[in-house]
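Report on the following structure.
The values are calculated or read from the model by the stated rules, or taken from the named source; none is laboratory data. Please read these numbers as outputs of a predicted model, since none were measured by experiment. Cβ coordinates were reconstructed from backbone atoms using ideal geometry, including for glycine residues, and neighbour counts include every protein chain displayed.
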């Protein structure tokens, strides 16, 4: 599968946009993050990944969708497991 320059540019722009929203809007000031706030943030980012997976389903093959969700679920499970062990 050949990825175009426009595809890479869109990926980088999307990542930068999500980081800016996370850092400048959601977590502007230093404070203890509540469980409710963390749950809403997690739900929002999962919704974004589901929307991206739906976009992949339209634009690419089923194999690409499967690879994306396999990698996403692996990363999500690893980050959830590592951050919950206090």
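Data table
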{"quantity": "Top-ranked residue of the range 1-33 - restricted to ones that are under 14 Å from the mean Cα position of the chain (by Cα) and within 21 Å of residue 77 (Cβ to Cβ), ranked as surrounded by the fewest Cβ atoms within 10 Å (Cβ to Cβ)", "calculated": "15"}
{"quantity": "Neighbours by Cβ (under 7 Å, 6+ apart or cross-chain): first from the range 52-67, outside the structural domain of residue 11 (by TED's automatic domain parsing) and without any contact (Cβ under 8 Å) to a residue 12 or more places away in the chain; second surrounded by 11 or more Cβ atoms within 10 Å (Cβ to Cβ) and in a helix (DSSP H, G or I)", "calculated": "57/65"}
{"quantity": "Residue count, the range 34-70 (criterion: exposed (fewer than 11 other Cβ atoms within 10 Å of the Cβ) and outside any helix (DSSP H, G or I))", "calculated": "1"}
{"quantity": "Residue list for the range 53-63, restricted to those being at pLDDT 90 or above and in contact with a helix residue (DSSP H, G or I) (Cβ under 8 Å, 6 or more places away or on another chain)", "calculated": "53, 57"}
{"quantity": "Within the range 1-33, considering residues that are within 24 Å of residue 62 (Cα to Cα) and part of a loop (DSSP other than H, G, I, E, B), the one modelled with the lowest pLDDT", "calculated": "1"}
